[in-house]
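A.B. asks: Dropping a structure here in structure tokens format, bear with me for questions.
FYI, it's all coordinate maths here, none of it is from the lab. Not measured: the values here are computed from a predicted model. FYI the Cβ positions are ideal-geometry reconstructions off the backbone, even for glycines, and counts take in every protein chain you see.
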Amino acid sequence: MPKRILVTGGLGFIGTNLIALLRNNGNFEIRVLDNESLGRREYLTEFPEVEFICADLRDPEKVYEGLKDMDCVIHLAADTRVINSIVDPHLNFENNVVGTFNLLNAMRRANVPTIINASTGGAILGDVPPPVHEGMLPEPASPYGASKLAVEGYLSSFSKSYGFEACSLRFSNVYGPRSWHKGSVVAHFMKQLLRGKELVVYGDGSQKRDYIYVEDICQGILSAMQRRVSGVFQLGSGWPTTINKLIARISDVVGSGYPVSARYEDFRTGEILNTWCDISKAEAALGFSPSMPLDEGLARTWCWFIEHRQRLDQ
Ligand SMILES: NC(=O)c1ccc[n+]([C@@H]2O[C@H](COP(=O)([O-])OP(=O)(O)OC[C@H]3O[C@@H](n4cnc5c(N)ncnc54)[C@H](O)[C@@H]3O)[C@@H](O)[C@H]2O)c1
């Protein structure tokens, strides 16, 4: 079992939640490598024991230095903005593809041959009939999805060429606490409600997604590390939820003090209409078993947003 873990992108939403889970599940030494482009250093103040290196994956020597004395890498760093990747595909390519290649190559030099990579389901597979699974032919709908597919390819090749233990976990739509900086739907809607604004839905709200609570995703990452698996795995709740149903659930959770109204606009290019995933491979290989009901996960997330609402003024 690896002890010393480098978490790339550890200032981000999933990274900070993962650090909280690792702290309670073993005696790990954690180092975070992040360029602070999306996450913030202050998000680590609740984890004073964690070492922080401010470095960009596009700088190969800094990445190599960051790997010193590590046993394993959990690779979460990425430019995660799907719509932005359509506006500036080159920036996305440099961060996600070149950045990950630099990381893998530095791992080879530093002899750290174990990596768990954060990948994505819907964005890689495109508009295919759900539930999506690992055997489907990928047809990415955005440069972000293409970058994640390229990264999966490099992991597979480093596994076969250099004996890396390399696994890619394809997350569905993750929501939960510590997501203030995110533009994803749950975080965005909750911030809009705190601002007293209406919610904008692209399409008629019947599009389905697979929403999974962040702690369930972090449990999946921990299992992948413990079981030393290689390959590609879908991680999600396995359940479809329409945007309209999500809004109704959020409305129940926030209560009458935050009236919810929604405006419907045209569907956006690059987004998938319906996607949710088949998690049977992860259930069998990782013992993956997401347990947070949507209502409770949303309630916990809302509590966190209320606690941190002073960020509206920052
Ligand atoms: N949140 C989701 O719903 C979701 C779904 C599918 C996949 N994922 C993947 O999971 C991973 C983590 O997602 P998240 O939601 O925590 O994202 P996030 O944006 O909160 O965190 C990403 C972190 O990576 C850092 N980063 C970006 N480019 C970097 C670079 N070039 N060098 C060093 N650091 C860099 C950012 O500063 C940020 O702290 C990402 O790889 C993302 O693609 C997330």
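A.B. asks: Residue separation times 0.36 nm, minus the C-alpha to C-alpha distance between VAL260 and ALA285: what's the value?
C.D. replies: Details: separation 25, 0.36 × 25 = 9.00 nm, distance 4.10 nm.
Full extension from VAL260 to ALA285 adds 4.9 nm.
A.B. asks: Based on the Cβ-Cβ distance of ARG108 and GLU42, what FRET efficiency does E = 1/(1 + (r/R0)^6) give at R0 = 45 Å, to the nearest 0.05?
C.D. replies: Efficiency, from the Cβ-Cβ distance: 0.85.
A.B. asks: Still on this model: Report the charge-dipole magnitude of the stretch 107-205 in Debye, nearest 20, computed about the Cα centre from +1 at each Lys and Arg Cβ and -1 at each Asp and Glu Cβ.
C.D. replies: Computed about the Cα centre, the dipole is about 540 debye.
A.B. asks: Here's something else I'd like to know. Cα atoms only, the stretch 162-238: Rg and Dmax in Å?
C.D. replies: That works out to 16.0, 54 Å for Rg and Dmax.
A.B. asks: Any idea what the alpha-carbon Rg over 2.2 N^0.38 Å comes to for the stretch 59-189? Don't skip to the end; give the middle numbers.
C.D. replies: On the way: Rg = 15.3 Å, N = 131, 2.2 N^0.38 = 14.0 Å.
The stretch 59-189 yields a ratio of 1.09.
A.B. asks: Quick check on the exposure proxy: order VAL185, VAL87, VAL98, VAL82 from fewest to most C-beta atoms within 10 angstrom. Walk me through the intermediate numbers first.
C.D. replies: Numbers: VAL185 19, VAL87 10, VAL98 15, VAL82 22.
Ranking VAL185, VAL87, VAL98, VAL82 by Cβ neighbours within 10 Å, fewest first, gives VAL87, VAL98, VAL185, VAL82.
A.B. asks: Please compute, for the alpha-carbon atoms of the stretch 114-182, the extent along each of the three principal axes and give them in descending order in Å.
C.D. replies: Computed over the Cα atoms, the extents are 37, 31, 21 Å.
A.B. asks: Follow-up. Taking only the Cα atoms of the stretch 175-314, how large is their convex hull per residue, in Å³?
C.D. replies: Taking the convex hull of the Cα positions in the stretch 175-314, it is 124 Å³ per residue.
A.B. asks: Over 31 Å between C-alpha atoms is what I'm after, so list which of LYS3/LYS245; LYS160/LYS208; LYS148/LYS208 land there.
C.D. replies: Pairs exceeding 31 Å: LYS3/LYS245; LYS160/LYS208.
A.B. asks: Then there is this: Would you look at the GNM of the chain, springs on alpha carbons closer than 10 Å, and say which of ASP216, ASP69, ASP278 moves the most?
C.D. replies: ASP69
A.B. asks: State to the nearest 20 debye the size of the charge dipole of the stretch 127-173 about its Cα centre, where the only charges are +1 on K and R beta carbons and -1 on D and E beta carbons.
C.D. replies: Working: 3 positive and 5 negative charges, 22 e Å.
In debye, rounded to 20, the stretch 127-173 gives about 100.
A.B. asks: Can I ask one more? Would you look at the GNM of the chain, springs on alpha carbons closer than 10 Å, and say which of PRO143, PRO240, PRO259 moves the most?
C.D. replies: Greatest mean-square fluctuation among the candidates belongs to PRO259.
A.B. asks: Please compute the length gained on full extension between ASP252 and ASP69, using 0.36 nm multiplied by the number of residues separating them and subtracting their Cα-Cα distance.
C.D. replies: Gain on extension, ASP252 to ASP69, equals 61.1 nm.
A.B. asks: Given Cα pairs under 8 Å that are at least 6 residues apart, what percent is the relative contact order of the stretch 54-128?
C.D. replies: Averaging sequence separation for qualifying contacts and normalising by length gives 47 percent for the stretch 54-128.
A.B. asks: Once the mean 1/r over all distinct Cα pairs of the chain is inverted, what Kirkwood radius in angstroms do you read off?
C.D. replies: Result for the chain stands at 19.8 Å.
A.B. asks: Under the Karplus relation 6.51 cos²θ - 1.76 cosθ + 1.60, θ = phi - 60°, what is the ordered set of whole-Hz ³J(HN,Hα) values for the stretch 206-223, x standing for Gly and Pro?
C.D. replies: Running phi through 6.51 cos²θ - 1.76 cosθ + 1.60 with θ = phi - 60° gives 8, 5, 10, 9, 10, 9, 10, 6, 4, 5, 5, 5, 5, 4, x, 5, 4, 4 Hz.
A.B. asks: Using only alpha carbon pairs under 8 Å that are at least six residues apart, calculate the relative contact order of the stretch 173-314 and give it in whole percent.
C.D. replies: About 37 percent, as a whole number.
A.B. asks: Continuing with the same structure: Which of THR16, THR241, THR269 moves the most in a Gaussian network model of the chain with Cα springs under 10 Å?
C.D. replies: THR269
A.B. asks: Describe numerically, in nm with one decimal, the distance between label points set 7 Å from Cα along Cα→Cβ at CYS303 and at GLN192.
C.D. replies: Distance between label points: 2.6 nm.
A.B. asks: Neighbour counts of other C-beta atoms within 10 Å: give me ARG4, ARG178 arranged from fewest to most. Mind showing how you got there, number by number?
C.D. replies: Details: ARG4 15, ARG178 22.
With the fewest neighbours first, ARG4, ARG178 line up as ARG4, ARG178.
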